[in-house]
2 protein chains.
Amino acid sequence: MKQIESHRISGGNQGVWRHQSNLLGCEMNVAVFVPEHEEGARLPVIYWLSGLTCSEQNFITKAGAQRYAAEHGVILVAPDTSPRGEDVADDPAYDLGLGAGFYLNATQAPWAKHFRMYDYVLEELPALIEAHFPASYRRSIMGHSMGGHGALIMALKNPGRFAAVSAFSPIVAPSQVPWGRKAFSTYLGEDEAEWRDWDATALLSKAQERLPILIDQGEADDFLEPQLKPWVFAEEADRLGHPLTLRRHQGYDHSYYFIASFIGEHVAWHAKALMA
Amino acid sequence: MKQIESHRISGGNQGVWRHQSNLLGCEMNVAVFVPEHEEGARLPVIYWLSGLTCSEQNFITKAGAQRYAAEHGVILVAPDTSPRGEDVADDPAYDLGLGAGFYLNATQAPWAKHFRMYDYVLEELPALIEAHFPASYRRSIMGHSMGGHGALIMALKNPGRFAAVSAFSPIVAPSQVPWGRKAFSTYLGEDEAEWRDWDATALLSKAQERLPILIDQGEADDFLEPQLKPWVFAEEADRLGHPLTLRRHQGYDHSYYFIASFIGEHVAWHAKALMA
């Protein structure tokens with residue numbers, strides 16, 4: 001891993017690293033915040049998955065999470081949102097291709113060659129983080145919008161893997177909304193039965209672990225009704241008795257101003273589970 | 001004033017407003033954060049002046065100041081760094097023209113027509129803020145780099161006007177460094193005697209008020225030696241007995257990661273003076 005940025009913040013280090021991903025077949029950037037810590041200590045890791053159009057930069061420059069990670073002694077890892085590079089398939093739309101990997105493993109040409117963000121976030125990235133940073137094996141995951149959905153499916157599909165999961169303004173039922181239907185039909189094909197393995201609401205009934213979920217959603221979010229519909233997920237969680245805390249906040253929109261307002265509570269929620 | 005952005009954050013509102021500036025002869029954007037407050041309350045205002053290349057956006061998206069302003073009940077105002085528009089004089093360099101107003105009143109053609117950021121920040125902008133927002137007449141001022149220098153000269157030239165002044169990584173002696181010499185010779189002309197009225201270190205000996213100054217500076221700042229030289233200002237303050245707290249922080253650079261690390265302490269410093 002090659003460090004391409006290094007900044008001191010809140011007593012720790014915000015780095016950006018570049019590495020060759022064998023899995024994705026391209027170079028990837030990943031942002032890693034390591035708080036001040038005692039020599040030899042191994043710290044738990046919170047993974048952050050960003051939304052459509054984002055890179056590894058958005059979260060580290062806008063969320064203000066580092067001060068809370070420093071306070072709780074946790075590492076923050078923010079990967080990019082898709083494979084990158086000239087030979088990676090793309091689409092002119094903002095919600096497909098580069099910046100729109102949807103944290104799944106594509107099965108359809110030409111996407112299947114590079115678009116394997118699910119395996120990357122679940123396997124290749126943690127192995128790198130645990131090899132190159134003072135990271136323990138305690139992991140949790142959170143994200144925003146498309147990345148909120150990514151966090152939900154990572155946790156739901158992998159019982160025992162994550163100590164906590166939370167999301168800001170997540171897509172929760174991609175099979176039922178335009179962003180998700182477009183991405184799934186493109187990356188996974190037209191057979192909707194295949195989609196159920198990648199849809200958080202569909203996965204909830206198969207979850208083998210009752211890991212509590214925290215979701216924050218702004219009521220003034222333009223995407224709330226057409227794309228997000230958190231009530232679909234909440235109704236399913238309620239039906240199944242899956243522990244979900246869904247907080248709806250008046251006046252907040254889909255931006256990082258919303259994330260910055262509540263990121264401290266999310267980091268505290270994760271830290272409590274990671275230190276338990 | 002026309003609102004062009006509105007976001008809820010930390011219980012308050014982060015707006016961006018556009019208005020015709022009669023003084024600058026162009027339209028200007030200004031960012032205003034108003035915390036939650038009681039009906040009819042008038043809140044003190046901290047003005048933030050950004051550095052070279054910035055607009056009104058950098059501070060509000062990257063510094064994480066809103067949570068502290070909400071906690072202390074103060075308004076934050078962040079103007080743009082120069083006049084803007086197609087008929088405004090510019091230069092291809094990043095440190096002259098658009099984004100590089102230096103918070104002075106230019107006397108040289110073609111700059112004198114629009115580049116009057118000093119009068120704008122000191123007079124026109126506060127009048128607008130106090131007319132359109134729940135703002136009291138209690139004001140303080142802070143800034144970064146070029147904007148740190150702007151804050152220093154605003155306070156030094158106007159005794160009694162500001163309750164507090166502070167700066168991150170400021171230019172302190174523009175007459176003695178390349179950024180300042182280039183800007184001053186361009187905007188003010190070659191007669192260096194004219195520069196003394198716009199140079200914080202030169203102004204310190206004329207200050208009629210012993211307003212305490214807080215400066216934070218990163219030791220890993222690439223601009224520290226060639227452009228900033230805070231020791232020049234510190235030596236003059238020491239000679240004059242002017243109260244200055246200069247804190248030098250190991251490992252921190254010139255970026256918003258540094259500002260984000262200490263902005264909470266600056267807002268608290270200002271709030272204490274504003275509420276006194």
Enumerate the calculated ³J(HN,Hα) couplings along region A:208-224 in order (Karplus 6.51 cos²θ - 1.76 cosθ + 1.60, θ = phi - 60°), each rounded to whole Hz, writing x wherever the residue is Gly or Pro. 8, 9, 8, 5, x, 10, 10, 10, 10, 9, x, 7, 9, 7, 4, 8, 4
Which listed residue (A:HIS19, B:ALA135, B:TRP48) has the Cα farthest towards the positive end of the charge dipole for the protein assembly as shown, taking +1 on Lys and Arg C-beta and -1 on Asp and Glu C-beta about the Cα centre? B:ALA135
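Hey, could you grab the Kirkwood Rh for region B:1-41? Inverse mean 1/r over distinct alpha carbon pairs, Å, one decimal.
Numbers: mean 1/r = 0.0882 Å⁻¹.
Taking every pair of different Cα atoms in region B:1-41, averaging 1/r and inverting gives 11.3 Å.
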Between region B:25-87 and region A:81-99, the Cα center-to-center distance that results, in Å: 35 Å
Amide H to amide H under 5 Å from B:ALA135: which residues, 5+ apart in sequence or cross-chain, H placed 1.01 Å off N in plane? B:LEU43
Accessible area per residue, 1.4 Å probe, Å², for region A:2-275: what's the number? 37 Å²
Any chance you could check the Cα centroid distance between region B:207-276 and region A:241-276 for me, in angstrom? 34 Å
For the protein assembly as shown, average projected area of the Cα convex hull in nm²: 26.4 nm²
Can you list the copy-to-copy distances for A:GLU130, using a point 7 angstrom from Cα toward Cβ, in nanometres, shortest first? 6.2
Other-copy label distances relative to A:PRO178, 7 angstrom Cα-Cβ extension, nm: 5.0
As an exercise, identify the trypsin sites (Lys or Arg not before Pro) in region A:1-102 lying in DSSP coil whose Cβ has no more than 15 other Cβ atoms within 10 Å. A:ARG42
Sparse-neighbourhood loop sites, GluC sites (Glu not before Pro) in region A:41-128 - DSSP loop, at most 11 other Cβ within 10 angstrom: A:GLU86
A/B buried area, accessible surface, summed, 1.4 Å probe, Å²: 1900 Å²
Counting only Cβ atoms, what residue of chain B lies nearest to the axis that sends chain B onto chain A, and how many whole Å off? B:GLY64, 2
Just checking the output field for A:58-70: average partner chain Cβ neighbours within 10 Å of each residue's Cβ? 3
Mean Cα-pair separation over length for chain B, i.e. relative contact order, pairs under 8 Å, 6 or more apart, %: 17 percent
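In the protein assembly as shown, what percent of the accessible surface is made up of carbon and sulfur (1.4 Å probe, ligands and nucleic acids excluded)?
C and S atoms contribute 48 percent here.
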So which residues in region A:252-276 end up with at least 20 square angstrom less accessible surface once the other protein chains are there, compared with the chain by itself, probe 1.4 angstrom? A:TYR252, A:ASP253, A:TYR257, A:ALA260, A:SER261
Taking a label point 7 Å from Cα toward Cβ, how far is B:THR245 from its twins in the other copies, in nm, shortest first? 3.5
If you take the beta carbon distance between B:ARG247 and A:LYS113 as r and set R0 to 35 Å, what does 1/(1 + (r/R0)^6) give as a FRET efficiency, to the nearest 0.05? 0.10
Mind checking the full-extension length gain between B:GLN57 and B:ALA41? Use 0.36 nm per residue of separation minus the Cα-Cα distance, one decimal, nm. 3.1 nm
Eight or more residues apart or on different chains, and alpha-carbon atoms under 23 Å: count the Lys pairs in chain A matching that. 8
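Can you work out the FRET efficiency for the pair A:ASP238 and B:ARG196, with r the C-beta to C-beta distance and R0 = 45 Å, to the nearest 0.05? Write down the numbers at each step before the final one.
On the way: r = 71 Å, r/R0 = 1.58.
After rounding to 0.05, the efficiency reads 0.05.
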Which semi-axis lengths, in whole Å and largest first, follow from the square roots of five times the eigenvalues of the Cα gyration tensor of region B:2-275? 26, 23, 17
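The values are calculated or read from the model by the stated rules, or taken from the named source; none is laboratory data. All values derive from a computational prediction rather than experimental measurement. Note: ideal-geometry Cβ built from the backbone for every residue, glycine included; neighbour counts use all protein chains shown. To get the accessible areas, we keep the full protein, side chains included, count just its heavy atoms, and leave off ligands, DNA and RNA. Shrake-Rupley method; radii C 1.70, N 1.55, O 1.52, S 1.80 Å.
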